[in-house]
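Participant: Quick one: structure below, then a few questions.
The values are calculated or read from the model by the stated rules, or taken from the named source; none is laboratory data. These figures come from a predicted structure and were not determined experimentally. Every residue, glycine as well, gets a Cβ built from its backbone with ideal geometry; the counts of neighbours run over all protein chains shown. Accessible surface areas use protein heavy atoms only, side chains included; no ligands, DNA or RNA. Shrake-Rupley method; radii C 1.70, N 1.55, O 1.52, S 1.80 Å.
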Amino acid sequence: VKQKGRDGFTFYTQRFTDAARKKTEMESELHRAIAQNEMQLWYQPQFHLASEELIGMEALIRWIHPIKGMIPPDLFIPLAEESGLIVKIGEWVINRSCAQIRQWLDRNIAVPRIGINISGAELRQGDLLRTLSNALEQHQIPGQYLEIEITENFMMEDIEKAIKLIKELKNMGIEVAIDDFGTGYSSLSYLKSLPIRRLKIDKSFVIDIPKNTHDMAITKAIIAMGHSLDLEVIAEGVETREQQKFLHDNACNFGQGYLFCRPSTAENIERWLSKKE
Ligand code: C2E
Ligand code: CA
Ligand code: CA
Ligand code: CA
């Protein structure tokens, strides 16, 4: 292949190898990160909008890199999904969550249900039910303490499989929420057949309220549809009083966002939980 010329081919090849090298580098760093305990699980409280009562917490992974500092999940989760490492990471998240719940229960800290993000890649490659039942068993925790957040796109991939999975989770006492609702495929008819408990409105719809009237209309419609299907609705990305009021006025059940509380370390959350009592 001719590597030089005005077509920019050399430049393209160079750029391509750079990107590929960076990816391989990050992948091997991810392996190391898991082995050397560089991952942390942070938690973000979720509230009942009418009473402001704490109803749950979402577990959000953080990679504390020894040199680069904190790497957000949006940067490494997609890579972990591609390389299959997501299965290991997911097992770690489930075990860490259960160990944390056990620790809090043992010390009489009132801990609410914890929502765990499970990505499609994890569901396809791993054995989620076994991982969960082992972790619950090992830490002696009833399934009611966990909620699984699964994206709309995964549900749509194979509805029959999704229904089966959700039923099995329900048998273990674990509820399921559809995550990032509204951002995936647009077919809504599948919703009625899924035995889920809640819809989670993606923050992309909430963040521009009240500036964006279309987002307001969509958010309103999602809440109304959720309720008519007997589902609870939670909004993420609540940053302002105005957004909270809009959601509350439209009967959205729950909210999560910087307005109430940012995601934080187990230590900070624990201090906050203990103070509440
Ligand atoms: P997500 O499931 O949609 O999680 C909500 C994201 O919104 C989190 O970002 C959270 O920190 C952020 N957020 C919460 N409140 C606000 C707010 O008021 N304003 C704004 N601007 N953002 C808010 P985070 O922690 O960076 O996580 C990003 C994504 O990474 C998550 O999106 C989820 O898809 C994925 N993720 C995080 N932890 C895990 C995990 O343990 N396993 C898997 N498979 N994915 C995870
Ligand atoms: Ca989520
Ligand atoms: Ca989201
Ligand atoms: Ca997500």
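Participant: Apply the a/c threshold of 1.5 to the C-alpha gyration tensor of the range 33-168 and tell me whether it is rounded, prolate or oblate. It would help to have the intermediate numbers written out before the result.
Facilitator: Numbers: a/c = 1.41, a/b = 1.08, b/c = 1.31.
It comes out rounded by the Cα gyration axes.
Participant: Using DSSP to call loops (not H, G, I, E or B), can you name the trypsin sites (Lys or Arg not before Pro) in the range 185-277 whose Cβ has at most 10 other Cβ atoms within 10 angstrom?
Facilitator: When the trypsin sites (Lys or Arg not before Pro) of the range 185-277 are filtered for loop state and at most 10 Cβ neighbours within 10 Å, K211 remain.
Participant: I would also like to ask the following. Calculate, axis by axis, the spread of Cα positions in the range 88-168 along the three principal axes, and write the results as whole Å, longest axis first.
Facilitator: Extents along the principal axes, in whole Å: 42, 22, 17.
Participant: What Rg and what Dmax come out for the chain when only alpha-carbon atoms are used, in angstroms?
Facilitator: 20.5, 71
Participant: Contact order normalised by length for the chain, with contacts defined as Cα pairs under 8 Å and 6 or more residues apart; what percent is it?
Facilitator: Reported as a whole number, the value is 17 percent.
Participant: Follow-up. Using a basic spin-label model with each label point 7 Å from the Cα along Cα→Cβ, how many nm lie between S274 and T213?
Facilitator: My value for the distance between the label points is 5.1 nm.
Participant: Sticking with this one: Is the range 167-230 rounded, prolate or oblate when judged by the Cα gyration tensor, a ≥ b ≥ c being the square roots of its eigenvalues, rounded requiring a/c under 1.5 and prolate requiring a/b larger than b/c?
Facilitator: In terms of gyration-tensor shape, prolate.
Participant: Relative contact order for the range 195-256: what percent, with Cα pairs under 8 Å and sequence separation of 6 or more?
Facilitator: Relative contact order for the range 195-256 comes out at 39 percent.
Participant: For D208, what accessible surface area do you get with a 1.4 Å probe? Give it in Å², rounded to 10.
Facilitator: Only protein atoms counted, so the area is about 60 Å².
Participant: Restricting things to Cα coordinates, could you compute the convex hull volume per residue of the range 51-110 in Å³? All intermediate terms of the calculation are to be shown ahead of the outcome.
Facilitator: Working: hull volume 7.7 nm³, N = 60.
Measuring per residue, one finds 129 Å³ for the Cα hull of the range 51-110.
Participant: Over the range 143-277, what lengths in whole Å, largest first, do the semi-axes of the equivalent ellipsoid take, defined as the square roots of 5 times the eigenvalues of the alpha-carbon gyration tensor? Don't jump to the answer; show the numbers that get you there.
Facilitator: On the way: eigenvalues 124, 97, 29 Å².
Calculated on Cα positions only, the semi-axes equal 25, 22, 12 Å.
Participant: Pulled fully out, how much extra length does the chain show between L75 and R197, if you take 0.36 nm times their separation in residues and subtract their Cα-Cα distance?
Facilitator: 41.0 nm
Participant: Could you pull out every residue, at least 5 positions away or on a different chain, whose amide H is within less than 5 Å of the one on L60? Hs are placed 1.01 Å off N in the peptide plane, and Pro or chain starts have none.
Facilitator: W42, Y43, Q44
Participant: Same structure again: Just to confirm my numbers, what's the Cα centroid distance between the range 233-259 and the range 105-177 in Å?
Facilitator: That distance is 25 Å.
Participant: List the chymotrypsin sites (Phe, Trp or Tyr not before Pro) in the range 191-277 that DSSP assigns to loop (not H, G, I, E or B) and whose Cβ has at most 14 other Cβ atoms within 10 Å. Which are they?
Facilitator: For chymotrypsin sites (Phe, Trp or Tyr not before Pro) across the range 191-277 that sit outside H, G, I, E and B with at most 14 neighbouring Cβ atoms in 10 Å, the list reads Y258.
Participant: Within the range 132-160, name every residue whose backbone N is under 20 Å away from a label modeled 7 Å from Cα of L105 along the Cβ vector.
Facilitator: 132-149
Participant: Run the numbers for E239 and H227: contour at 0.36 nm per residue of separation, minus the present Cα-Cα distance, in nm.
Facilitator: 2.0 nm
Participant: Please report, ordered by residue number, every helix of the chain (full DSSP H runs) that is 24 Å or longer along its axis going by C-alpha atoms and whose mean Kyte-Doolittle hydropathy reaches -1.0. Write down the numbers at each step before the final one.
Facilitator: Working: long enough: 9-35 (39 Å, -0.78); 86-106 (30 Å, 0.05).
Going by DSSP H runs, the hits are 9-35, 86-106.
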